[in-house]
Amino acid sequence: MTDAKLLIPAAEYLRMSTEHQQYSPENQSTAIRRYAESHGFTVVRSYSDPAKSGLSLKNRRRLRDLLHDVAGGNTEYKAILVYDVSRWGRFQDTDEAAHYEFLCKLAGVPIHYCAETFANDCSLPSSIMKTLKRAMAGEYSRELGVKVIAGQKRLAELGFKQGGIPGYGFRRLLVSGNRTPKQVLAHGERKSIGTDRVIFIPGPAFETEEVREMFRKFTVDRECAHPKSFAPAGLFLAHRLRHRHRPAHPRSQQFLTEEPADARGLGGVESEFVQGGWHAGP
């Protein structure tokens, strides 16, 4: 066994998006530590960004911490171990991935890609392979995004819900792939089968009537501050709901009752609620 005093201290960086279970942090860490044992490293620090996209640095707090520590010289390790090139990032500009790696190398803390077939030793073959792998990682993410968006558009065209909370007056109905109704989903419930879909259906009669009344007040009675703005009409409904103590969907009720910061002065016209209706202010 290698003398512990001769082992090179290293940090491991782990990242998992939601694309492959094989890239779980535990699996990555196991592979990295196996690599460390066979190459004379000992892992003394771990940075992990679970469920984070590799497209940018912005939301990867632990990678930012790593770069900050390395650039500031605040490290007890002499190398960084990463599972493969794609775990470092799927940056659309390959120069961005190279830039962050160069910052580490400049500080005397090189990166080792544990699952790659090439050694990150700055040789011509390894440099070519690493550049190719960076481009492949970015292209995979781009192609996946195109496919996902196309799939979501197709499902939306078929009338299936693609996210977001139901508006006031609606409920979510869980259906099978052939549109067979299963159950109405309560607040916080999610589908558990990938092939199932969700559609909107009308909610309780008192909610749909409130919505009709809101639009009638807005379009016919003109009880709003500005005819081109829906915000006053929404606040008008919120006032009525609070007054009547309607049990709305929790998040819909929150949305309706939180007055936006620009509720006054929309379109240059101030408004206020006076005697049950919205009227233009001075």
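The values are calculated or read from the model by the stated rules, or taken from the named source; none is laboratory data. Note that the structure is predicted; figures quoted are calculated from it, not measured. Neighbour counts are summed over all protein chains in view; Cβ atoms, including those assigned to glycine, are modelled from backbone coordinates with ideal geometry.
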Number of the condition not met by THR131 [criteria: (1) under 25 Å from PRO25 (Cβ atoms); (2) surrounded by 14 or more Cβ atoms within 10 Å (Cβ to Cβ); (3) not acidic (Asp, Glu)]: (1)
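If a residue counts only when it is surrounded by 15 or more Cβ atoms within 10 Å (Cβ to Cβ) and hydroxyl-bearing (Ser, Thr, Tyr), which helices (runs of 4 or more DSSP H) contained entirely in segment 23-98 have at least 2 such residues?
Values: elements: 25-39, 61-72, 85-88.
In segment 23-98, the matching helices (runs of 4 or more DSSP H) lie at 25-39.
Across segment 1-22, what is the number of residues that are outside any helix (DSSP H, G or I) and modelled with pLDDT of 85 or more? Spell out the reasoning first.
Residues of segment 1-22 that are outside any helix (DSSP H, G or I), as a first pass: 1-3, 7-20.
Of the ones still in play, those that are also modelled with pLDDT of 85 or more are 7-16.
The qualifying residues number 10.
Is one or more of the residues making up segment 138-154 assigned to a loop (DSSP other than H, G, I, E, B) and not assigned by TED's automatic domain parsing to the domain that holds SER86?
So in segment 138-154, the residues assigned to a loop (DSSP other than H, G, I, E, B) come out as none.
No, segment 138-154 has no match at all.
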SER123 is checked against (1) among the small types (Gly, Ala, Ser); (2) exposed (fewer than 13 other Cβ atoms within 10 Å of the Cβ); (3) within 28 Å of the chain's Cα centre (by Cα); (4) under 30 Å from SER29 (Cα atoms) and fails just one. What number does that condition carry? (3)
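If you check SER176 against the conditions, is it among the hydroxyl-bearing types (Ser, Thr, Tyr) and under 30 Å from ILE32 (Cβ atoms)? Show your work before the answer.
Working: among the hydroxyl-bearing types (Ser, Thr, Tyr): yes; under 30 Å from ILE32 (Cβ atoms): no.
Criteria not met by SER176.
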Selection from segment 109-141 of residues that are in contact (Cβ under 8 Å) with a residue 24 or more places away in the chain, closer than 21 Å to ARG33 by Cα and not acidic (Asp, Glu): VAL109, PRO110, ILE111, HIS112, TYR113, CYS114, ALA115
Which ones in segment 84-142 are in contact with a helix residue (DSSP H, G or I) (Cβ under 8 Å, 6 or more places away or on another chain) and aromatic (Phe, Trp, Tyr)? TRP88, PHE91, TYR100, TYR113, PHE118, TYR140
The correct count of residues that are at pLDDT 85 or above and in contact with a helix residue (DSSP H, G or I) (Cβ under 6 Å, 6 or more places away or on another chain) in segment 204-229 is 0
Which residue, of ARG179, ARG190, is modelled with pLDDT of 85 or more, over 30 Å from ILE8 (Cα atoms) and part of a loop (DSSP other than H, G, I, E, B)? ARG179
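Could you please find all residues in segment 157-176 being of a type in the set (A, V, I, L, M) and modelled with pLDDT under 85?
Looking only at segment 157-176, we keep the residues that are of a type in the set (A, V, I, L, M), and these are 158, 165, 173-175.
Answer for segment 157-176, where residues must be of a type in the set (A, V, I, L, M) and modelled with pLDDT under 85: LEU158, ILE165.
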